[in-house]
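*Asks:* My questions will all concern the structure given below.
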Amino acid sequence: MDDSPETRQRLSDRIEEKQSALRAYLERLRPRRHKLTEFSVVGSVLAALFTAGPAFGGTGFTASVQSMFSLDDASVVWRVLCLGAVILSVGAGLATNFANSQALAEKVTAAETAIAQLEGLQLSLGFGHIATDEAAMLYKQFVSHVAFVNEAPTR
């Protein structure tokens, strides 16, 4: 590969395009990862709270909730709480499994690492501290870890 300024610029442009694609990918993925994590944590905590009242308060707890809502039967209280706990627990489990099955955390980390590596490569290339052949080889190596990221969508 020649080391002409045009070749260096083309490689530099390619690096910028990949960084842009990675940033766009992270803008889409980070919120999804955060939402799944938050739902998993909140759902688990709420499920635990729904079962904590009857578990620790016993019949006194269910009787007080029954009178507070003017319910005819105390069993309605623990049934509703148990059903809520089941729904929240299943939802939290699904959110956790969905996040893990898609390997969201690993993909975010790989994309963030690639952005940093490409930034360093861009600087070395721009200041002439690296030959174009070596820069192209490093570019291929860095982007191979984020093959799941497509090019940035055109707007």
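The values are calculated or read from the model by the stated rules, or taken from the named source; none is laboratory data. In this text the structure is predicted, and so the values were computed from the model without any measurement. When we count neighbours, we look across all protein chains shown, and the Cβ atoms used for this are built from the backbone with ideal geometry, even at glycine. Side chains are part of the model used for accessible areas, which takes the heavy atoms of the whole protein and leaves out ligands, DNA and RNA. Shrake-Rupley method; radii C 1.70, N 1.55, O 1.52, S 1.80 Å.
*Asks:* If you scan segment 5-34, which residues turn out to be open to solvent by 30 Å² or more (accessible area, probe 1.4 Å) and in contact (Cβ under 8 Å) with a residue 40 or more places away in the chain? Full working, then the answer.
*Replies:* In the first step, residues of segment 5-34 are kept if they are open to solvent by 30 Å² or more (accessible area, probe 1.4 Å); the result is 5-6, 8-10, 13-14, 16-17, 20, 23, 27-28, 30-34.
Passing the criteria: R8, R14, E16, E17, S20, R23, R30, R32, R33.
*Asks:* To continue, here is another question. For segment 109-152: of the residues being among the small types (G, A, S) and under 18 Å from D2 (Cα atoms), which is surrounded by the most Cβ atoms within 10 Å (Cβ to Cβ)?
*Replies:* Of segment 109-152, the ones among the small types (G, A, S) are 110-111, 114, 116, 120, 124, 126, 128, 131, 135-136, 144, 147, 152.
Imposing the further condition that a residue be under 18 Å from D2 (Cα atoms) reduces the set to 124, 126, 128, 131, 135-136.
Working: S124: 15, G126: 13, G128: 11, A131: 14, A135: 22, A136: 18.
Residue satisfying both the conditions and the ranking: A135.
*Asks:* Test L46 against the criterion of being out of contact with any Leu (no Cβ under 8 Å at 6 or more places or on another chain) and either touching a residue at least 60 places away in the same chain (Cβ under 8 Å) or open to solvent by 30 Å² or more (accessible area, probe 1.4 Å) (or both), and give yes or no.
*Replies:* Working: out of contact with any Leu (no Cβ under 8 Å at 6 or more places or on another chain): no; either touching a residue at least 60 places away in the same chain (Cβ under 8 Å) or open to solvent by 30 Å² or more (accessible area, probe 1.4 Å) (or both): yes.
Taking the combined requirement at face value, the residue does not satisfy it.
*Asks:* Under 30 Å from E134 (Cα atoms), loosely packed, with under 12 Cβ neighbours inside 10 Å and over 18 Å from the mean Cα position of the chain (by Cα), is that true of E106?
*Replies:* On the way: under 30 Å from E134 (Cα atoms): yes; loosely packed, with under 12 Cβ neighbours inside 10 Å: yes; over 18 Å from the mean Cα position of the chain (by Cα): no.
In short, no.
*Asks:* Of all residues in segment 11-36 being among the aliphatic types (A, V, I, L, M) and under 29 Å from the mean Cα position of the chain (by Cα), which is farthest from I130 (Cα to Cα)?
*Replies:* Let us first name the residues in segment 11-36 that are among the aliphatic types (A, V, I, L, M), namely 11, 15, 21-22, 24, 26, 29, 36.
In the following step, the residues that additionally are under 29 Å from the mean Cα position of the chain (by Cα) were identified as 15, 21-22, 24, 26, 29, 36.
Numbers: I15: 14, A21: 24, L22: 23, A24: 28, L26: 28, L29: 33, L36: 42 Å.
Top of the filtered list is L36.
*Asks:* Something else now. Within the group A105, A74, A92, which residue is closer than 30 Å to Q19 by Cβ and of a type in the set (G, A, S)? Talk me through it step by step, then tell me what you get.
*Replies:* Working: A74 fails: closer than 30 Å to Q19 by Cβ; A92 fails: closer than 30 Å to Q19 by Cβ.
On inspection, the qualifying residue turns out to be A105.
*Asks:* Condition test on R155, is it more than 21 Å from V41 (Cβ to Cβ), of a type in the set (K, R), open to solvent by 60 Å² or more (accessible area, probe 1.4 Å) and modelled with pLDDT under 90? Steps first, answer last, please.
*Replies:* Details: more than 21 Å from V41 (Cβ to Cβ): yes; of a type in the set (K, R): yes; open to solvent by 60 Å² or more (accessible area, probe 1.4 Å): yes; modelled with pLDDT under 90: yes.
Judged against the criteria, R155 is a match.
*Asks:* Within segment 54-103, restricting attention to residues that are within 30 Å of V149 (Cβ to Cβ) and open to solvent by 50 Å² or more (accessible area, probe 1.4 Å), which residue is modelled with the lowest pLDDT?
*Replies:* As a first pass, look at segment 54-103 and keep what is within 30 Å of V149 (Cβ to Cβ): 91-103.
Keeping just the survivors that are open to solvent by 50 Å² or more (accessible area, probe 1.4 Å) gives 94, 96-98, 100-102.
Values: L94: 95, T96: 92, N97: 92, F98: 88, N100: 83, S101: 82, Q102: 78.
Looking at the filtered set, the residue picked out is Q102.
*Asks:* Right, here's the next one. Before we move on, is F39 more than 15 Å from the chain's Cα centre (by Cα), open to solvent by 50 Å² or more (accessible area, probe 1.4 Å) and not acidic (D, E)? Full working, then the answer.
*Replies:* Working: more than 15 Å from the chain's Cα centre (by Cα): no; open to solvent by 50 Å² or more (accessible area, probe 1.4 Å): yes; not acidic (D, E): yes.
No.
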